[in-house]
Amino acid sequence: MHYAHVKRKEKPMNPVTLEEFHNNPALRRRLFAMAHRERNAAIRAGLHWLRERLVTRFRSLTHPPQWIGRLG
């Protein structure tokens, strides 16, 4: 892609500078708390996904499809 095209699509950001991060303990606590919550939410979502996959597979193993039972 052409550089000017990419540059035009960039959105301005308001980054937290490292100096502000170190000088403002309230900001640091807030950012760490937000990161902690996001991390926990991602782990919970992953465990929920894994549990659903395992339960589905276990159910399919304990209750075979009808056509297998008819084979006798």
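The 3J(HN,Hα) values that the Karplus relation (6.51, -1.76, 1.60; θ = phi - 60°) gives for the stretch 21-27 are, in residue order, 4, 6, 8, 10, x, 5, 5 Hz. Gly and Pro appear as x.
Rounded to the nearest Hz, the phi-derived 3J(HN,Hα) couplings of the stretch 47-52 under the Karplus curve 6.51 cos²θ - 1.76 cosθ + 1.60 (θ = phi - 60°) are 5, 5, 4, 5, 4, 4, where x marks glycine and proline.
Please give me the summed charge of the neighbours of ARG37: other residues whose Cβ is under 13 Å from its Cβ, Lys and Arg +1, Asp and Glu -1. The partial results should precede the final answer.
Values: positive: ARG29, ARG30, ARG39, ARG44; negative: GLU38.
Once positives and negatives cancel, what remains is +3.
Remark: the ALA41-ALA26 segment gains 3.1 nm on full extension, using 0.36 nm per residue and subtracting the alpha carbon distance.
We did not get these values from a lab; they are worked out from the coordinates using the rules stated. As the structure is a prediction and not an experimental result, all values here were calculated from the model. As a convention, Cβ positions derive from the backbone with ideal geometry for all residues, glycine included, and neighbour counts pool all protein chains shown.
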